[in-house]
1. So in segment 137-165, with the set limited to residues that are within 16 Å of the ligand (Cβ to nearest atom) and in a loop (DSSP other than H, G, I, E, B), which one is nearest to the chain's Cα centre (by Cα)?
2. Kindly list the number of the only condition in (1) closer than 24 Å to E222 by Cα; (2) in contact with a Cys (Cβ under 9 Å, 6 or more places away or on another chain) that fails for L175.
3. Which residue, of G203, G189, G172, is in the same structural domain as L243 (by TED's automatic domain parsing), over 22 Å from the mean Cα position of the chain (by Cα) and surrounded by fewer than 16 Cβ atoms within 10 Å (Cβ to Cβ)?
4. When residues of segment 119-136 are filtered for being under 20 Å from P32 (Cα atoms) and part of a loop (DSSP other than H, G, I, E, B), how many remain?
5. I'd like to check which helices (runs of 4 or more DSSP H) are fully inside segment 280-372 and have at least 3 residues that are farther than 26 Å from A44 by Cα.
6. Any chance you could count how many residues in segment 7-26 are over 19 Å from the mean Cα position of the chain (by Cα) and within 18 Å of G126 (Cα to Cα)?
7. Mind telling me which of the residues A44, A54, A33, A24 ends up being surrounded by 15 or more Cβ atoms within 10 Å (Cβ to Cβ), away from the ligand (no atom under 13 Å from the Cβ) and of a type in the set (A, V, I, L, M, F, W, C)?
8. Condition first: over 22 Å from the mean Cα position of the chain (by Cα), charged (D, E, K, R) and crowded, with 17+ Cβ neighbours inside 10 Å. Can you find one or more residues in segment 91-111 that meet it?
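The values are calculated or read from the model by the stated rules, or taken from the named source; none is laboratory data. As the structure is a prediction and not an experimental result, all values here were calculated from the model. Positions of Cβ are backbone-derived with ideal geometry, glycine not excepted, and every protein chain shown enters the neighbour counts.
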Amino acid sequence: MISFDEKTGVEIYIHIPFCVKKCAYCDFLSFPANDETVHKYIRALQKELALRAASIDHKRIISIYIGGGTPSSIDESYIGDILETVRFYYKVDKDAEITIEVNPGTATLEKFKKYHYYGINRISMGLQSTNNEILKKLGRIHTYEEFLECYENAKKAGFDNINVDLISGIPGQTLDDWTDSLKKVIQLGPNHVSTYGLIVEEGTPFYDLYGEDEERRQNGEEPLSLPSEQIERIMYYMSIEYLCSNGYSNYEISNFAKSGFESRHNTGYWIGREYLGIGLGSSSYLLGRRFDNTTDIAEYIETIEKNKLKFYNNQTLTVKEQMEEFMFLGLRMTKGVSRKEFNDRFGVSVEAVFGDVLNELQNAGLLIMVEDRIFLTSEGIDVSNYTLSKFLLD
Ligand code: SF4
């Protein structure tokens, strides 16, 4: 069971942008790289960690998330080096949640044992589908069988806090495929499952193939290769139905967890906790200010090697923006937001700021207010993009 004080503490996100090969749908900041680039990058990361330690004023670190890219594609000793550097310069809580993203085909039993030894206590594994044809279409480097081997290795190495990612709405994916993925994952019994709907992003090979189809889908027309919006909805209801009847709670729109295994890292984002983003393209949110690292790896390494820091998109959030975020991020969680917390934080009641919106959404059956809590109904979650956008003040 993870217990922690929700209001204090900082999270650290560390970006490893390297992947064995680019997946056909991926628009993350990720790419293959040679050993020399990986080595220089990790040393730069360690230096960035040292240079930025003072910026968080010795606050407690309650979670560390090593994401990517594919962090498991690089030599495990680099992960050990990174965590050693974090612990040297920062005050990491003894029970901090420490997650690493792993892709099947890039982690052996030995690697998992080392991760365990380094103090990592949570694995997030990208499966996406149990259908090998679909995995091939997505451009994934692994089969379902390789995922199973990877999952077993993680368990053997002592990990009981494992997340499995699945994607719905993939071209050619049927309701049977989706049911099969859900059932097989449930049978394995990971403590956390994330289910995301595929978004066909511009600039990806998938966009060239299915961009027009995505437009058709978004306009409510029948797509040719992608599952229709209606089928996607059914897939979403199936996720809730299958996972919730098997001991998972749907604690956020796309996330399901067994009791006590809700992701601290994800939750921090939705409740507006501060985070320090280290590495290429990472975002930070500290003292009400949001800013990003460069997305250019040569610039990143060169700047850090000169002991310098350079940030982009520096933005101090206005109180209005903070209120908006409080609502549209907090309402992603099924427990919703607390009226008292809003009042304590902003010195004004939520009704005084969002009264009209709250009334409108309540009357439409999309939102409920019960005592201190405000949360979305299942109808509100169903049209969450619309519901949440209502909390943008301008
Ligand atoms: S493994 Fe993940 S980050 Fe890497 S290319 Fe595929 S989707 Fe993108």
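1. In the first step, residues of segment 137-165 are kept if they are within 16 Å of the ligand (Cβ to nearest atom); the result is 137-144, 146-147, 150, 163-165.
From what is left, the residues that are in a loop (DSSP other than H, G, I, E, B) are 139-143.
Numbers: G139: 20, R140: 19, I141: 21, H142: 21, T143: 23 Å.
So, considering only residues that are within 16 Å of the ligand (Cβ to nearest atom) and in a loop (DSSP other than H, G, I, E, B), the one nearest to the chain's Cα centre (by Cα) is R140.
2. Evaluating L175 over (1) closer than 24 Å to E222 by Cα; (2) in contact with a Cys (Cβ under 9 Å, 6 or more places away or on another chain) leaves (2) as the failure.
3. On the way: G203 fails: over 22 Å from the mean Cα position of the chain (by Cα); G189 fails: over 22 Å from the mean Cα position of the chain (by Cα).
Of the residues listed, the single one that is in the same structural domain as L243 (by TED's automatic domain parsing), over 22 Å from the mean Cα position of the chain (by Cα) and surrounded by fewer than 16 Cβ atoms within 10 Å (Cβ to Cβ) is G172.
4. 0
5. Values: elements: 297-305, 319-330, 339-346, 350-363.
Passing ranges, in order: 319-330, 339-346, 350-363.
6. Qualifying residue count, segment 7-26: 3.
7. Working: A54 fails: surrounded by 15 or more Cβ atoms within 10 Å (Cβ to Cβ); A33 fails: away from the ligand (no atom under 13 Å from the Cβ); A24 fails: away from the ligand (no atom under 13 Å from the Cβ).
Within the list A44, A54, A33, A24, the selection yields A44.
8. First pass over segment 91-111, keeping only residues over 22 Å from the mean Cα position of the chain (by Cα): 91, 94, 108-111.
If we keep only those that are charged (D, E, K, R) as well, we get 91, 94, 110-111.
Add one more test, that the residue is crowded, with 17+ Cβ neighbours inside 10 Å, and what stays is 111.
The answer is yes; a qualifying residue exists.
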